[in-house]
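Following: one structure in structure tokens, then a few remarks.
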Amino acid sequence: MYYSQIVAMLSDGGVHRFNELKRKSKKLSSNTLSSVLKRLTSEGIVNRLVIPTNPPRTEYSLTEKGMELSRINSEYLDWLRSWHLRESQ
């Protein structure tokens, strides 16, 4: 589920920094977020760009593969919300 959450956060097509993603994902620890980002990067879903400033900045965005996944992910999350609402009534 963490994978879906992070893909959703990156799905606006913009560039995001680690701390920004950490703030948006209040429930994820830094270690978990880091692990998920590494996995998504290794799978070709997320771009990771290190900018050589002092201190270095790291930016994350979705690849073309990631953008395609985000469309599927969005439908999946809509489906989850729809059924969760129905079952809780």
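Computed from the coordinates by the stated procedures, all read-outs in this text should not be read as laboratory data. What you are looking at is a predicted structure, and each value in this text was computed from that prediction instead of being measured. Quick reminder, even Gly has a Cβ in these numbers, built from the backbone with ideal geometry, and neighbours come from all protein chains shown.
Residues are listed down the side, and each one gets a yes or a no for (1) farther than 16 Å from residue 11 by Cβ; (2) free of Cβ contacts under 8 Å to residues at least 40 places away in the same chain:
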{"residue": "28", "(1), (2)": "yes, yes"}
{"residue": "31", "(1), (2)": "yes, yes"}
{"residue": "40", "(1), (2)": "no, yes"}
{"residue": "50", "(1), (2)": "yes, yes"}
{"residue": "57", "(1), (2)": "yes, no"}
{"residue": "64", "(1), (2)": "no, yes"}
Open item on the list: Anything in the range 64-89 that is in a helix (DSSP H, G or I) and small (Gly, Ala, Ser)? List them, or say none.
Closed with: 66, 70, 74, 82
Open item on the list: Filter the range 53-62 down to the residues that are surrounded by fewer than 16 Cβ atoms within 10 Å (Cβ to Cβ) and not basic (Lys, Arg) and list them by number.
Closed with: 53, 54, 55, 56, 58, 59
Open item on the list: Between 20, 43, which is surrounded by fewer than 16 Cβ atoms within 10 Å (Cβ to Cβ) and either more than 17 Å from residue 73 (Cα to Cα) or under 11 Å from the mean Cα position of the chain (by Cα) (or both)?
Closed with: 20
TODO: Could you tell me whether any residue of the range 41-63 is in a helix (DSSP H, G or I) and either among the acidic types (Asp, Glu) or touching a Leu at 6+ places or on another chain (Cβ under 9 Å) (or both)?
DONE: no
